[in-house]
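Inspection log for the structure reproduced underneath, given as structure tokens.
The values are calculated or read from the model by the stated rules, or taken from the named source; none is laboratory data. Remember, it's a predicted structure, so these values are computed and weren't measured experimentally. Neighbour counts are summed over all protein chains in view; Cβ atoms, including those assigned to glycine, are modelled from backbone coordinates with ideal geometry.
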Amino acid sequence: MTLLRLGPADAGEMLTVQRAAYVTEARAHDTFDLPPLLETWEQAKEALDDSACFAWGTREAGRLVASVRIVVDGEAGLVGRLVVAPDRQGHGLGSSLLLAAEAAMPAAVTVFRLFTGERSFGPLRMYPKLGYVETRRTPELHYQVVHFEKTRVRPGATVR
């Protein structure tokens, strides 16, 4: 997999993949009022133009098939919008992309945080396998949002 840095010019294609990927989440949580489905092209373009936002993606045969955004907030990398095109889900692209994006983040990032809905069974299985630990749950409409955190481990570092 080749990790590509995405920018404002990729906003439309990224938003298309994002919307397609989040339909399953919307159905699972009985609401289509999820921020990734409501985000406009202008908002996506603005996010990709923000110097604190690192957006990464991967392409197959020229087509964007997965993307993720990580916003730097002090020492934290806030992971969001990890998406894989529906026809490419289940092939490890999301895991590979997230790990590659984490590794490419600035050295100042020492912890990664993300969240998902309690009915997002794929992500709920994937995040712990990648080293994320559930930290809390918060109510949202008629379901819970599950928050995760992962301490960044540098290559060659000793974990205690």
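Within the stretch 116-130, count every residue that is part of a helix (DSSP H, G or I) and surrounded by 15 or more Cβ atoms within 10 Å (Cβ to Cβ). So that I can check it myself, show each step before the final result.
Quick first cut of the stretch 116-130, residues part of a helix (DSSP H, G or I) only: 121-129.
Now drop any that are not surrounded by 15 or more Cβ atoms within 10 Å (Cβ to Cβ), which leaves 122-124, 126-127.
Summing the residues that are part of a helix (DSSP H, G or I) and surrounded by 15 or more Cβ atoms within 10 Å (Cβ to Cβ) in the stretch 116-130 gives 5.
Can you list residue pairs whose Cβ atoms sit under 8 Å apart, with the first residue in the stretch 1-26 being free of Cβ contacts under 8 Å to residues at least 12 places away in the same chain and the second being part of a helix (DSSP H, G or I)? Count only pairs 6 or more apart in sequence or on different chains.
Ala26/Leu37
Looking at Asp50, is it among the charged types (D, E, K, R) and surrounded by 12 or more Cβ atoms within 10 Å (Cβ to Cβ)? It would help to see each step written out before you state the result.
On the way: among the charged types (D, E, K, R): yes; surrounded by 12 or more Cβ atoms within 10 Å (Cβ to Cβ): yes.
So Asp50 fits the description; yes.
Is it fair to say Ala157 is at pLDDT 95 or above, outside any strand (DSSP E or B) and over 19 Å from Glu25 (Cβ atoms)?
Numbers: at pLDDT 95 or above: no; outside any strand (DSSP E or B): yes; over 19 Å from Glu25 (Cβ atoms): yes.
The answer is no for Ala157.
Mind listing just one residue for me: the one in the stretch 25-44 that is of a type outside the set (A, V, I, L, M) and surrounded by 14 or more Cβ atoms within 10 Å (Cβ to Cβ) and, of those, nearest to Glu118 (Cα to Cα)? First the steps, then the outcome.
Narrowing the stretch 25-44 to residues of a type outside the set (A, V, I, L, M): 25, 27, 29-33, 35-36, 39-43.
Filter once more, so that each one left must be surrounded by 14 or more Cβ atoms within 10 Å (Cβ to Cβ): 25, 29, 31, 36, 39.
On the way: Glu25: 10, His29: 8, Thr31: 13, Pro36: 16, Glu39: 21 Å.
In this case the residue turns out to be His29.
Residues are listed down the side, and each one gets a yes or a no for (1) under 21 Å from Leu4 (Cβ atoms); (2) touching a helix residue (DSSP H, G or I) at 6+ places or on another chain (Cβ under 9 Å); (3) of a type in the set (D, E, K, R):
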site	(1), (2), (3)
Val72	yes, no, no
Arg113	no, no, yes
Glu118	no, yes, yes
Leu124	no, no, no
Arg152	no, yes, yes
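If we scan the stretch 71-93, do we find a residue that is farther than 18 Å from Gly122 by Cβ, touching a residue at least 12 places away in the same chain (Cβ under 8 Å), in a loop (DSSP other than H, G, I, E, B) and touching a Leu at 6+ places or on another chain (Cβ under 8 Å)?
No: zero hits.
Out of all the residues in the stretch 23-75, which are within 18 Å of His91 (Cβ to Cβ) and among the aromatic types (Phe, Trp, Tyr)?
The answer is Trp56, and nothing else.
On the basis of being surrounded by fewer than 13 Cβ atoms within 10 Å (Cβ to Cβ), over 15 Å from the mean Cα position of the chain (by Cα) and among the β-branched types (Val, Ile, Thr), does Val133 make the cut? Even if it seems obvious, please write down each step before you answer.
Details: surrounded by fewer than 13 Cβ atoms within 10 Å (Cβ to Cβ): yes; over 15 Å from the mean Cα position of the chain (by Cα): yes; among the β-branched types (Val, Ile, Thr): yes.
For Val133, the condition - surrounded by fewer than 13 Cβ atoms within 10 Å (Cβ to Cβ), over 15 Å from the mean Cα position of the chain (by Cα) and among the β-branched types (Val, Ile, Thr) - is met.
Are any residues in the stretch 32-45 over 17 Å from the mean Cα position of the chain (by Cα) and in a helix (DSSP H, G or I), and if so, which ones? Explain how you work it out, then say what you get.
Here is the first cut: in the stretch 32-45, the ones over 17 Å from the mean Cα position of the chain (by Cα) are 32-33, 40-42.
Answer for the stretch 32-45, where residues must be over 17 Å from the mean Cα position of the chain (by Cα) and in a helix (DSSP H, G or I): Trp41, Glu42.
Yes or no, residue by residue, for (1) in contact (Cβ under 8 Å) with a residue 40 or more places away in the chain; (2) more than 19 Å from Ala21 (Cα to Cα); (3) among the basic types (Lys, Arg); (4) not in a strand (DSSP E or B):
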{"residue": "Ser51", "(1), (2), (3), (4)": "no, yes, no, yes"}
{"residue": "Thr58", "(1), (2), (3), (4)": "yes, no, no, no"}
{"residue": "Leu64", "(1), (2), (3), (4)": "yes, no, no, no"}
{"residue": "Ala107", "(1), (2), (3), (4)": "no, yes, no, yes"}
{"residue": "Arg137", "(1), (2), (3), (4)": "no, yes, yes, no"}
{"residue": "Gln144", "(1), (2), (3), (4)": "no, yes, no, no"}
{"residue": "Val153", "(1), (2), (3), (4)": "no, yes, no, yes"}
